[in-house]
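Engineer: Here's a structure for you.
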Amino acid sequence: MNIDTLTNRILDSYMQYGGVNRREAEDFPNRQNIIGILQNLQFLVFPGFRTAEEINPTDLRYITCAKINSTIAVLTKEIQKALVYTVSCEKGSADNIENSHCFRLAEQSAISLIEEIPEIRRKITLDGEAAYNGDPAAKSREEVILSYPGLEATLVYRLAHFLHKNGIPLIPRMMSEYIHGKTGIDINPGAEIGESFFIDHGTGVVIGESTVIGNNVKIYQGVTLGALNVKKELTNRKRHPTIEDDVTIYANATILGGGTVIGRGCTIGGNTWVTRSVPPGTVLTQDK
């Protein structure tokens, strides 16, 4: 079989099955650009911790300014793609007026995320403190920032969640799935997570879209906060549990259902299967 025949067969599959990112209304965000944006945002949150750049006080203002400008420029374009793509899917086309409106919304959203960085830094500092104070193996706060996958996944969640709350399609999920692949921790950007949140070890953790988590919650590897039913018609309904303040959930526990509430101060033991609410202060080793 010659190269022309092979090319034609692949091109035919593009027509038959779709999945082509074209420079038209169908254009959608670029994965590599989203990863680059995340790297810039991580620099702004933890300067010098997650890049090869060496910085000093003299250079910090210049580098920070450059990262901000780069992030706003690239993120604006990627958000615009996501908005235009969504409009085209809903209406079948996206005219120039809608495209221009999407650009303005995209630019406002990108700037808003940068404006939110100080608040995100406050929250992730509390998350890092929770990890340091909650793990006897942690020798320093810097070790937590540099090496704990749970903190990195939480940071990306907080960035993605901000965009999700502001109505940005596609990009928050791209961010969360990128860090899911890197850390093994799957946090849907729609989840609501309070302050001082700590994921220990982390691999295999799943936190569903409508999960609500309070403050000072600690969970271990393999924990699933999921839905009892995954039927498509349940979209936009509360399908995942609520975890109140000061709860600890040990490894491989599974907690399911939108009506399931784990009360304040509970301890959920490892390998438990929970589908009903648990009163505050309970130590649960199995679902009774």
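Engineer: Exactly one of (1) surrounded by fewer than 20 Cβ atoms within 10 Å (Cβ to Cβ); (2) over 19 Å from residue 271 (Cα atoms) is unmet by residue 206. Its number?
Structural biologist: Condition (2) is where residue 206 drops out.
Engineer: So residue 258 clears everything in (1) under 22 Å from residue 189 (Cβ atoms); (2) in contact with a strand residue (DSSP E or B) (Cβ under 8 Å, 6 or more places away or on another chain); (3) small (Gly, Ala, Ser) except one condition, right? Which one?
Structural biologist: For residue 258, the failing item is (2).
Engineer: Across the stretch 31-60, what is the number of residues that are buried (at least 16 other Cβ atoms within 10 Å of the Cβ) and more than 21 Å from residue 145 (Cβ to Cβ)? So that I can check it myself, show each step before the final result.
Structural biologist: To start, the set of residues in the stretch 31-60 that are buried (at least 16 other Cβ atoms within 10 Å of the Cβ) comprises 33-34, 36-38, 40-46, 50.
Okay, now just the ones that are also more than 21 Å from residue 145 (Cβ to Cβ), so 33-34.
Selection size over the stretch 31-60: 2.
Engineer: Look through 119, 98, 129 and report the one residue that is part of a helix (DSSP H, G or I), acidic (Asp, Glu) and modelled with pLDDT under 95.
Structural biologist: 98
Engineer: May I pose another question? Exactly one of these conditions fails for residue 91: (1) of a type in the set (Lys, Arg); (2) at pLDDT below 85; (3) within 20 Å of residue 154 (Cα to Cα). Give me its number.
Structural biologist: (3)
Engineer: Can you tell me how many residues in the stretch 106-124 are open to solvent by 50 Å² or more (accessible area, probe 1.4 Å) and either at positive phi or touching a residue at least 60 places away in the same chain (Cβ under 8 Å) (or both)?
Structural biologist: Total satisfying the criteria: 2.
Engineer: Determine whether residue 258 is small (Gly, Ala, Ser) and over 18 Å from residue 215 (Cα atoms).
Structural biologist: yes
Engineer: Report yes if some residue within the stretch 196-205 is aromatic (Phe, Trp, Tyr) and under 23 Å from the mean Cα position of the chain (by Cα); otherwise report no.
Structural biologist: Yes, the stretch 196-205 contains at least one residue that is aromatic (Phe, Trp, Tyr) and under 23 Å from the mean Cα position of the chain (by Cα).
Per-residue answers, yes or no, for (1) at pLDDT below 95; (2) open to solvent by less than 10 Å² (accessible area, probe 1.4 Å); (3) part of a loop (DSSP other than H, G, I, E, B):
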| position | (1), (2), (3) |
| --- | --- |
| 177 | no, no, no |
| 180 | no, no, no |
| 222 | no, no, yes |
| 225 | no, yes, no |
| 246 | no, no, yes |
| 258 | no, no, yes |
| 265 | no, no, yes |
| 280 | no, no, yes |
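Engineer: Kindly indicate whether any position in the stretch 61-68 is without any contact (Cβ under 8 Å) to a residue 12 or more places away in the chain, surrounded by fewer than 20 Cβ atoms within 10 Å (Cβ to Cβ), aliphatic (A, V, I, L, M) and in a helix (DSSP H, G or I).
Structural biologist: Scanning the stretch 61-68, I find at least one residue that is without any contact (Cβ under 8 Å) to a residue 12 or more places away in the chain, surrounded by fewer than 20 Cβ atoms within 10 Å (Cβ to Cβ), aliphatic (A, V, I, L, M) and in a helix (DSSP H, G or I), so the answer is yes.
Engineer: Among (1) over 21 Å from residue 81 (Cβ atoms); (2) open to solvent by less than 30 Å² (accessible area, probe 1.4 Å), where does residue 160 come up short?
Structural biologist: Failing condition for residue 160: (1).
Engineer: Considering only residues of the stretch 125-137 that are open to solvent by 40 Å² or more (accessible area, probe 1.4 Å) and touching a residue at least 40 places away in the same chain (Cβ under 8 Å), which is nearest to the chain's Cα centre (by Cα)?
Structural biologist: By that ranking, first place goes to 126.
Engineer: Conditions first: (1) farther than 25 Å from residue 37 by Cα; (2) open to solvent by less than 60 Å² (accessible area, probe 1.4 Å); (3) among the acidic types (Asp, Glu). Residue 152 passes all but one, so which condition is the exception?
Structural biologist: All conditions are met except number (1).
The values are calculated or read from the model by the stated rules, or taken from the named source; none is laboratory data. From a predicted model like this one, the values you see are computed outputs, not experimental measurements. Quick reminder, even Gly has a Cβ in these numbers, built from the backbone with ideal geometry, and neighbours come from all protein chains shown. Note: accessible area is taken over every heavy atom of the protein model, side chains too, but ligands, DNA and RNA are not part of it. Shrake-Rupley method; radii C 1.70, N 1.55, O 1.52, S 1.80 Å.
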